[in-house]
Amino acid sequence: MSNVDIKIATEYSGKGVSDAEKAMRKLQKTVRNLAGALGVGLSARAIVQFGKNSVKAFAEDEAAASKLANTMKNLGLELSAPSMQKFIENLAAATGVVDDQLRPAMQSLLQVTGSVAQSQKILAASIDVSRATGTDLTQVANDMAQAFVGNTKGLRKYNLGLTQAELKTASFADIMSRMNELFGGASQAFLGTYAGQLALLGQ
């Protein structure tokens, strides 16, 4: 059987429901034709649901990007928006974490740190923690953001080997160092697994 190059895309311009519906109908037709070419039987209901889910995901991703851009504007960081977009794209490609997870995490970090460089550093570390512990990335980023301003309560769940008193008095740099000691390299190790390879293919 020859190799088949399959590319499915949705287009949603943000101009309203009409554009989304057109994009969905186009996608449904593409999926139906593709299923026929591969000999796969898909019901009309399954095709419609697939199209709806795809358009919804695209719209949610667009909304997350808009929220992040607005946060950066409000913080006076709008000039860094293009480089931030590139950073997120590169991080997604390198880690297999989809950008609609990276953007909310980055937004929560920026709101607390007010620093692009600091937020990028913490986000990269948060991915390792997320992969090592199975904790949702947004939750890890929120916990790290709170620790940045001295609220370390959320870090207890990560079993850092520090007492409650030690957590309260530790500097953020010390906390980052401890987390790197425990979880550093977890994302890279994950990418060596079958699940990690699938995550990369999904980018």
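The values are calculated or read from the model by the stated rules, or taken from the named source; none is laboratory data. Bear in mind that the values here come from a model prediction, so they are computed numbers and not experimental data. As a convention, Cβ positions derive from the backbone with ideal geometry for all residues, glycine included, and neighbour counts pool all protein chains shown. Calculation scope for accessible area: heavy atoms of the full protein, side chains included, ligands and nucleic acids excluded. Shrake-Rupley method; radii C 1.70, N 1.55, O 1.52, S 1.80 Å.
Here is how the numbers come out for the structure above:
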read-out: Tally of residues being more than 21 Å from the chain's Cα centre (by Cα) and surrounded by fewer than 18 Cβ atoms within 10 Å (Cβ to Cβ) across region 144-164; value: 10
read-out: Candidate set from region 116-138 (those that are of a type in the set (Gly, Ala, Ser) and open to solvent by 10 Å² or more (accessible area, probe 1.4 Å)); member that is nearest to Arg178 (Cα to Cα); value: Ala125
read-out: Flag if Ala141 is buried (at least 20 other Cβ atoms within 10 Å of the Cβ) and over 17 Å from the mean Cα position of the chain (by Cα); value: no
read-out: Hits in region 153-187 - residues which are among the polar types (S, T, N, Q) and either assigned to a loop (DSSP other than H, G, I, E, B) or closer than 14 Å to Leu123 by Cβ (or both); value: Asn159, Thr163, Ser171, Asn180, Ser187
read-out: Hey, Leu191 at pLDDT below 95, under 29 Å from Ala93 (Cα atoms) and open to solvent by 70 Å² or more (accessible area, probe 1.4 Å) or not; value: no
read-out: Residues within region 137-171 that are acidic (Asp, Glu) and at pLDDT below 95, tallied; value: 1
